[in-house]
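We did not get these values from a lab; they are worked out from the coordinates using the rules stated. Since the model is a prediction, treat every value here as computed from it, not as a measurement. Cβ placement follows ideal geometry from the backbone for every residue including glycine, while neighbour counts extend to all protein chains displayed.
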Amino acid sequence: MKLHWSPRSPFVRKVMIVAHELGLAERINCVRTVAATTRPHAELMRDNPLSKIPTLVLDDGSVLYDSRVICEYLDGLGSARKLFPADPKARMLALRRQALGDGALDFLLLLRNERERAAQSQAHLAAYGGKKAAVLRAFEQEADALAASAFDIGHIGIGGALCYLDFRYADEPWRNDHPRIARWHAEFCARPSVRATEPVDDS
Ligand SMILES: N[C@@H](CCC(=O)N[C@@H](CS)C(=O)NCC(=O)O)C(=O)O
């Protein structure tokens, strides 16, 4: 399998954490692909018209995106335990947590883009900043339940979003005001799958 990959992308990292958790990382050929919102990537678009990573090309030439679809595909390949629960209630909880983490990443990427623009929109900056605070409060409220439930894709979604805050928003500390999710996140970061996928800013 070929993965359009970058060491900076939090969505790629989610896929790679899943791959490591399932013992599948060695089967994935990671190909460095630069995806940027303002510079559509012609070659990548032959596989994914959205010009986004992660994009997975299977050995038969078929293509999977986005990260949610790829993660679920990998989960079906692994013979080990599942990261997408079969029980409907547990599955919906896991998918909702994944959506919260992914949604946070979506606006955190937009917020970085907005801050880099010459003519910044104060309305966008304020909206993203407000969501960032709200999501951290939601993570904090969810911390005890996360710690008490079996590790799944929801944990990876939320843990990965917090890792991205540390990577790209390191000068905006969140731990002091959110001690329970900070404790949970320390354990998340100690997992071999998370340690094996540390982000690198290679720009
Ligand atoms: N919903 C997508 C989001 C993927 C995404 O936004 N990837 C970023 C890199 S972290 C990207 O490819 N951006 C390029 C663009 O927006 O054109 C997923 O879960 O895979």
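Sequence-ordered 3J(HN,Hα) estimates for the stretch 23-38 from the Karplus curve with 6.51, -1.76 and 1.60 and θ = phi - 60° stand at x, 10, 4, 5, 7, 9, 8, 7, 10, 4, 9, 8, 10, 9, 3, 8 Hz, glycine and proline given as x. Spin-label pair Asp87-Leu50: with each label point 7 Å from Cα along the Cα-Cβ axis, the two points sit 3.0 nm from one another. Computed from label points 7 Å out along Cα-Cβ, the spacing between Asp177 and Ser62 is 4.6 nm.
Using r as the Cβ-Cβ distance of Arg112 and Arg32, and R0 as 22 Å, what FRET efficiency do you calculate, to the nearest 0.05? Before the final figure, lay out the partial values.
Details: r = 20 Å, r/R0 = 0.91.
So, using R0 = 22 Å, E works out to roughly 0.65.
Helix hunt in the chain: which complete DSSP H runs extend at least 18 Å axially by C-alpha with mean Kyte-Doolittle at least 0.5? Walk me through the numbers on the way to the answer.
Values: long enough: 88-116 (42 Å, -0.26); 122-148 (39 Å, 0.05); 153-168 (22 Å, 0.88).
Membrane-span-like by this rule: 153-168.
For the stretch 28-55, the residues whose amide N sits under 20 Å from a probe point set 7 Å from the Cα of His124 along the beta carbon direction are 35-41, 50-53. Summing charges over neighbours of Leu111, with a neighbour being any other residue whose Cβ is under 12 Å away from its Cβ, gives +2 when K and R count +1 and D and E count -1.
Please give me the summed charge of the neighbours of Pro54: other residues whose Cβ is under 14 Å from its Cβ, Lys and Arg +1, Asp and Glu -1.
Details: positive: Lys2, Arg8, Arg13, Lys14, Arg32, Lys52, Arg68; negative: Asp47, Asp66, Glu72, Asp102.
After counting each charged neighbour, the total is +3.
Around Asp201, what is the net charge, scoring Lys/Arg as +1 and Asp/Glu as -1 over all other residues with Cβ under 10 Å from its Cβ?
On the way: positive: Arg8, Arg168; negative: Asp202.
Around Asp201, the charge tally is +1.
Which value at 222 nm does the chain reach when only helices count, each DSSP H run of 4 or more adding -39,500 (n - 2.57), with the total divided by all residues and rounded to the nearest 500 deg cm²/dmol? Mind dumping the intermediate values first?
On the way: 8 runs with 116 residues, N = 203.
The helix-only estimate for the chain comes to -18500 deg cm²/dmol at 222 nm.
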